[in-house]
Amino acid sequence: MILVAGATGNVGSALVRQLIGPPQRTGTGAAVRVRALTRDPARASFPAGVEVVAGDLTHPESLRPALEGVRALFLPSGTGEEEAVFAAARRAGAAHAVLVSSITVLTHPHLPAARENLAVERQLQDSGLAWTVLRPTQFASNALWWAEAIRGREPVRAPYADVGLPAVHPADVAAVARTALTEPGHRGRAYALTGPARVTARRQVAAIAAAIGRDVPFVEMSRAEARAQLAPFLGAETADAVLDLTGGDVNDALLRVRDTVQRITGAPARSFEQWATENAAAFR
Ligand SMILES: NC(=O)c1ccc[n+]([C@@H]2O[C@H](COP(=O)([O-])OP(=O)(O)OC[C@H]3O[C@@H](n4cnc5c(N)ncnc54)[C@H](OP(=O)(O)O)[C@@H]3O)[C@@H](O)[C@H]2O)c1
């Protein structure tokens, strides 16, 4: 049994579909059984064959039913109680965990969120579980931030319009997780994950416009304007970090296109254009 935490999220939902869909068998010929974790099973919907279980990652004791009989788990970082979750998984008999961290542990280790992710990576490495760490870059699905404006026929406003980052399709993060969970050779490894090409905010909006079949105006904001919008929601420190990572303080390591997705999964990384086409309905 594989437990997928974050199963209603961008990566987790793709992972559930990939684990349950063909090929349904691991290299050893054993069937893959999938259990999806959510805080609210009544609101979630999963493909047939997926076992759904309630649990809250901030209350590790609530995970007892979720962890029963689990040999491996998938866990997105960021809920704050990861160390206790790893301990509970180990007590329940799990052998392996695949953690979603962030590429910023490599590219911007001074940022608070990167420090937190690195601490969680170390907690996993010290947990006694076999581990695989995924360090994705910015997700293509972050473009959903613009969905409301686009649906409302308003222009998209974004800073650093012409800085191209190698945004990764969440399904590719899932595909690497699926491989790590079901095939040998990925324990004790950390993988930096990117998409197949650098794509600017301006080009992302053009790709969404092409996917929905109408023009979407784009207005470049200054950093100060963007900060004034973000800070009330995220706090000043996180707003600055987001703006640095979006274009204000990028570096070669963040800009680099990596071939990890293709190397691990055997399939080329999906483009931003593919993500936009698949998710056009969210922008119509
Ligand atoms: N976005 C990016 O650019 C980016 C870049 C690098 C790394 N990451 C990391 O990638 C990971 C996955 O992101 P994503 O976009 O797939 O996530 P997402 O779409 O935001 O979904 C979050 C998921 O976490 C679950 N969750 C949140 N709090 C929970 C709790 N207390 N207990 C149980 N489940 C909880 C939610 O489940 P329910 O609501 O159903 O309970 C939901 O399935 C995250 O760790 C994120 O930090 C993101």
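How high is the relative contact order of the range 102-147? Use alpha-carbon pairs under 8 Å, at least six apart in sequence, and give a whole percent.
43 percent
Give the Kirkwood hydrodynamic radius (Å, one decimal) of the range 162-233, defined as one over the mean of 1/r across all pairs of different Cα atoms.
Taking the inverse mean of 1/r over all distinct Cα pairs, the range 162-233 comes out at 15.4 Å.
Using the eigenvalues of the Cα gyration tensor, what equivalent ellipsoid semi-axes result for the chain when each is taken as the square root of five times the eigenvalue, whole Å, largest first?
Computed over the chain, the values are 32, 21, 18 Å.
Measuring from centroid to centroid over Cα atoms, what is the spacing of the range 163-190 and the range 120-155 in Å?
Value for the Cα centre distance between the two parts: 12 Å.
How much length would be gained if the chain were fully extended between THR58 and GLU81, taking 0.36 nm per residue of separation minus their Cα-Cα distance, in nm to one decimal?
The THR58-GLU81 span can extend by a further 7.7 nm.
Can you figure out the FRET efficiency of ALA267 with ARG223, using R₀ = 51 Å and their beta-carbon distance, to the nearest 0.05?
For ALA267 and ARG223, the calculated efficiency is 0.85.
Carbon and sulfur: what percent of the chain's accessible surface (1.4 Å probe)?
50 percent
Please compute the modelled spin-label separation between ALA231 and ARG187, points set 7 Å along Cα→Cβ, answer in nm with one decimal.
4.9 nm
In whole percent, what relative contact order does the range 133-284 give with Cα contacts below 8 Å and a gap of six or more residues? Could the numbers behind the result be given before it?
Details: 242 pairs, mean separation 57.0, N = 152.
Relative contact order of the range 133-284: 38 percent.
Per residue, how much accessible area does the range 159-259 have with a 1.4 Å probe, in Å²? Please report the intermediate quantities before stating the final value.
Numbers: 4480 Å² over 101 residues.
Per-residue accessible area for the range 159-259 comes out at 44 Å².
Once ligands and nucleic acids are excluded and a 1.4 Å probe is used, how much of TRP146 is accessible, expressed in Å² to the nearest 10?
The accessible area comes out at roughly 40 Å².
With a cut-off of 8 Å between alpha carbons and a minimum separation of six or more residues, what is the relative contact order of the chain in percent?
With pairs under 8 Å counted, the relative contact order is 18 percent.
Whenever you get a sec, line up ARG187, ARG153, ARG258 from highest to lowest accessible area (probe 1.4 Å, protein heavy atoms). Show your work: numbers first, answer last.
Values: ARG187 130, ARG153 155, ARG258 45 Å².
Ranking ARG187, ARG153, ARG258 by accessible area, largest first, yields ARG153, ARG187, ARG258.
Show me, bin by bin at 5 Å from 0, the whole-percent P(r) of the range 1-146 based on Cα pairs.
2, 10, 19, 22, 21, 15, 9, 3, 0
The values are calculated or read from the model by the stated rules, or taken from the named source; none is laboratory data. Remember, it's a predicted structure, so these values are computed and weren't measured experimentally. Glycine gets a Cβ as well: all are built from the backbone with ideal geometry, and neighbour counts include every protein chain shown. Quick note on the areas: whole protein, heavy atoms, side chains included, nothing else; ligands and nucleic acids left out. Shrake-Rupley method; radii C 1.70, N 1.55, O 1.52, S 1.80 Å.
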